[in-house]
Structures are given as C-alpha cells and as structure tokens.
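The values are calculated or read from the model by the stated rules, or taken from the named source; none is laboratory data. The structure presented is a predicted model; accordingly, all values stated were derived computationally and were not measured. We place every Cβ from the backbone using ideal geometry, glycine too, and count neighbours over all the protein chains shown.
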Amino acid sequence: MESNAPQAEAQANQTQKRQSDLNTESPGALAQANTAEAPSTDQPWREWLEPVLDFLSKLPNYLERFFYDYKQPLVTLGLILAAIVTLRITFAVLDAINGIPLLAPLFELVGLGYGGWFTYRYLLRASNRKELGEEFNNLKEQVVGEQSQQS
C-alpha cells in the first residue's frame, strides 16, 4: 500500500501543475465557439415562431374579410348541408318506423284512404275542381304576396 501512496501524490502534483498552467480569465477559441453556437440554436425557433404569431394576430381580419366576401355562397352551402342533414334524419326516422311490424302497412292504408277521399272531394266534379283552384290561388297569394294573374 505504501508503494501506491507515492504514485498518488505524484499524480496529484501533476494535476495541480496542469490546472495552474490554465488561464481561465480570458476565453479561448473553444469557449468562443461554444458561446457563438448557443444563439444560433435559438434563432431558427424565433424565425419559425414570428410568422406564426404574425398570422395568428391577423387571423380575425382574414376571417372577417372572407365571410364578408363570400357571404352568399356560405349561406347557400349552409342551407344545402342543413337540407342534407334533415333528409338523413327523416330517412332514419322513416326506416325506424318501417321496422315496426304492421305499422308500415297501416300507413299505406291511411295514404290510400286519404288519396281516395281527396279524389272524391276535389277532383270528381267540375265545381269542386274550381273550388280547389281558388283555394290554391289564395294560398299562393298568401305565400308570394302578389295578386296571381288569371288567364
């Protein structure tokens, strides 16, 4: 063990000698290279972030202009989508009703009965057809708001 002690002291002396030879007050070439690289790794982040923040700050103006310029097509598109959703819901409800036993044939009988009554009430005689035409014209005037031109 004693033989290892002089070697350890010699190594400690050499380490102290090496450390005392180093000048730590002024940065060396390696220290300058390391400090120069630190901002460069931060720079791409800022270059990427700046356009994104600029776009997000102008986004309300872009959306306002878009909705103002394309108001009519957007309303039309919304109505078309609403009609599609309404039709799908209606068909789903009708399919569910059609799945109930005896309900579909009952609705068919009701439809045939109403069709027969409508034919007997309005279409069989000329006076009743004239009455139906007058009721239709009155309804058209209420909906359209103009006097219908009779030819």
Review point. Of (1) modelled with pLDDT of 95 or more; (2) within 46 Å of the chain's Cα centre (by Cα), G116 satisfies all except one. Which?
Key: (2)
**Study point:** Cβ pairs under 7 Å, 6+ apart, first in region 68-96 and over 29 Å from F107 (Cα atoms), second assigned to a helix (DSSP H, G or I) and at pLDDT below 95
**Key:** L74/F67
